[in-house]
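Chemist: Have a look at this one before I ask anything.
Derivation of every value follows stated rules applied to the coordinates shown; laboratory data play no part. In this text the structure is predicted, and so the values were computed from the model without any measurement. Neighbour counts run over all protein chains shown; Cβ positions are idealised from the backbone, glycine included.
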Amino acid sequence: MPAVIFYLLGGTALAATLMCVTRRNPVHAVIYLVNALFALALMFYLLGAPLVAAWEVIIYAGAIMVLFLFIIMMLELSAEQHPSGPGWLRWGPVILLSLVLLGATLLILALDPKAAEPVPLFYVTPRKFARALFERYPLAVEIVSFQLLFAAVGAFYLGRTGSRKEEP
């Protein structure tokens, strides 16, 4: 059964990625990409890498997609033409892919033998995590903080509208 779910998720990820690449509307493309990233996260979970699956959801499907949507809204990107036809034709594929992902998630949760076990005792407190991070990797933390600062300055520069001169 896990092999069937794995191939189902692989097909879902492939279909969502193809839909992402072929959409003219950038918001729809991002929604399909989020769908593909969720399918990949479930595939990682099936392969025995729950931490990588959690990172996939938190970092890629969460943070980076929010950043993409922020850039799309800030730069006011839009499709050249408005979609025509009934709403189910536009939203049908994303609803179908989302239902497949929901079904696969429920199957994985129902078939997971470790779901009934209690949480292991090797819990790490945020204080211990922070101490390990800042004592072992202080330079990496500072580099990441500078990258976030540069991103904030770049977003501010791109987002300001009052001081830009209009070119003829």
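Chemist: Could you check the spin-label model distance between Leu47 and Val4? Points 7 Å from the Cα along Cα→Cβ, value in nm.
Modeler: 2.3
Chemist: What does a probe at Met74 reach in the range 14-57, counting residues whose amide N is under 18 Å from the point 7 Å along Cα→Cβ?
Modeler: Once the point is set 7 Å along Cα→Cβ of Met74, 26-27, 30 turn out to lie under 18 Å by backbone N, inside the range 14-57.
Chemist: In nm, give the distance between the simple-model label positions of Ile64 and Phe146, each being 7 Å from the Cα along the Cα-to-Cβ direction.
Modeler: 2.3
Chemist: Using the basic label-point model (7 angstrom from Cα toward the beta carbon), what is the Ala155 to Phe129 distance in nanometres?
Modeler: According to this spin-label approximation, the distance is 2.2 nm.
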